[in-house]
Ligand SMILES: C[S@@+](CC[C@H](N)C(=O)[O-])C[C@H]1O[C@@H](n2cnc3c(N)ncnc32)[C@H](O)[C@@H]1O
């Protein structure tokens, strides 16, 4: 039986192999429009280029902008993510009232103390925000007069006052989350949705996370009166 030698290989096939070799050599670096080039090795192996690990929306985050220090009563790390389905909005849309040590880039942060480095220094009982402008509000005030005075050097804001103001700024149908030792009455124009117990672990008092929902505004009926 005759074995196929190099000369017996069909001409067309040899040309194809040579062509591939040349193409691979030529593609060793891929030239880009801006004059830069990158190795084509990953492409020839069928491996997609890697995506950069972080998408920077706010450059100042990368530039070491000042961040608040943690405060007593900070949220557990994963809490905000777990509350989002109840707040029914995107994380960056949450208005944080009494934001404490929440870092820059975490929604819109409002606190009475400049030392908390919030996005706006303001009283949660008189927010510089127009009616119905917030997708959702999350409030984490001091839980007692003693905590307000000793931990933050401020007056104790009554839950009813904070909730009334949150109900003004949240959009109709929007939700308010309230973290406290108390389960406060719903503010005017809102109804109670759900209350969860929040444990910080053994030896710590429980906190309640309560959600309220602002009623939808009544639709105008139209027609002449
Ligand atoms: C329990 S800490 C908030 C902690 C925050 N959740 C965290 O994870 O870091 C309470 C915060 O409420 C702020 N605060 C107290 N009274 C306030 C008021 N009337 N308006 C706005 N912020 C207030 C305090 O300055 C303090 O930073």
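The values are calculated or read from the model by the stated rules, or taken from the named source; none is laboratory data. Computed from a prediction, not measured in an experiment: that's the story for all the values here. We place every Cβ from the backbone using ideal geometry, glycine too, and count neighbours over all the protein chains shown.
Structure notes:
- Answer from 138, 158, 151 - the residue that is in the same structural domain as residue 90 (by TED's automatic domain parsing) and under 25 Å from residue 81 (Cβ atoms): 138
- Residue under evaluation residue 102, criteria (1) within 16 Å of residue 165 (Cβ to Cβ); (2) buried (at least 22 other Cβ atoms within 10 Å of the Cβ), criterion not met: (1)
- Criterion (closer than 20 Å to residue 188 by Cα and over 17 Å from the mean Cα position of the chain (by Cα)) met by exactly one of 111, 131: 131
- Scanning the stretch 139-156 for residues that are part of a helix (DSSP H, G or I) and either more than 7 Å from the ligand (Cβ to nearest atom) or without any contact (Cβ under 8 Å) to a residue 60 or more places away in the chain (or both) yields 145, 146, 147, 148, 149, 150, 151.
- Filtering 153, 177, 189 for residues that are over 27 Å from the mean Cα position of the chain (by Cα) and under 20 Å from residue 71 (Cβ atoms) leaves a single hit, 153.
- As for the stretch 189-196, it holds at least one residue that is in the same structural domain as residue 95 (by TED's automatic domain parsing), outside any strand (DSSP E or B) and farther than 22 Å from residue 72 by Cα.
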